[in-house]
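Asks: After the structure tokens below, expect a handful of questions from me.
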């Protein structure tokens, strides 16, 4: 039965090129357990942007522990906000990316420690330096992962890469 289906297999790099050509940016999702933490625990699923520096003048963005669909919507909002002229600053809590006036924050990722997580972005940037900001999302009580009061059970879903 599979022999009757059209074959849409194309090299991954060509898919990224097509997404950037079509949307101005692409996103890459990495499955949970593809990496391990320094403590040997499986790393959660994460999704990151490709081409935000050229498109928007901001670093690439990564979100840990959210579904790819949620990340797509959030990344689309980041693109819209930046194109409308808003400035996104790292380490400053902001409202509007999440429902219910929940806060979010972008923090710079330590690429010396976590750079291997972004292999597709590294290939896309062809060896040129680039930055990555992690989008921090709040727990059910509104605390961000870098704040006292954050639900520590979520640290496995959203490790802070700063």
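Read the figures in this text as sums done on the coordinates, not as results from a lab. What you are looking at is a predicted structure, and each value in this text was computed from that prediction instead of being measured. For neighbour counting, all protein chains shown are included, and Cβ atoms are generated from backbone atoms with ideal geometry for every residue, glycine included.
Asks: Cut-off 10 angstrom, C-alpha nodes, Gaussian network model of the chain. Which of 67, 36, 120 fluctuates the most?
Replies: Result for the chain, Cα springs under 10 Å: 36 fluctuates most.
Asks: With everything on Cα atoms, drop me the angle between helix 68-83 and the longest principal axis of the chain, reported from 0 to 90° to the nearest 10.
Replies: That works out to roughly 80 degrees.
Asks: Let me ask you something else. For the chain, calculate the relative contact order in percent as a whole number, restricting contacts to Cα pairs under 8 Å that are 6 or more residues apart. Please list the in-between numbers first.
Replies: On the way: 228 pairs, mean separation 29.7, N = 162.
Rounded, it is 18 percent for the chain.
Asks: Could you sort the peptides 144-154, 20-30 by per-residue average Cβ neighbour count (10 Å cutoff), highest mean leading?
Replies: Order by mean packing, descending: 20-30, 144-154.
Asks: Compute from the Cα atoms of the chain the Rg and the Dmax, the latter being the longest Cα-Cα distance, and quote both in angstrom.
Replies: In Å, with Rg to one decimal and Dmax whole: 16.5, 56.
Asks: Rank the residues 9, 15, 105 as a footprinting-exposure proxy: fewest other Cβ atoms within 10 Å of their Cβ go first. Intermediate results must be reported in sequence, preceding the final value.
Replies: Numbers: 9 7, 15 15, 105 21.
Listing 9, 15, 105 from fewest to most nearby Cβ atoms yields 9, 15, 105.
Asks: Quick check on region 11-156: of the DSSP beta bridges with both residues there, what percent are antiparallel, nearest 5%?
Replies: 85 percent
Asks: Sticking with this structure for a sec: For region 20-83 and region 109-162, what is the separation of their Cα centres, given in Å?
Replies: If you average the Cα positions of each part, the centres end up 10 Å apart.
Asks: Now for a separate question. If eta is 0.890 mPa s and T is 25 °C, what Stokes-Einstein diffusion coefficient results for region 101-146, Kirkwood Rh from Cα pairs, in µm²/s?
Replies: 201 µm²/s
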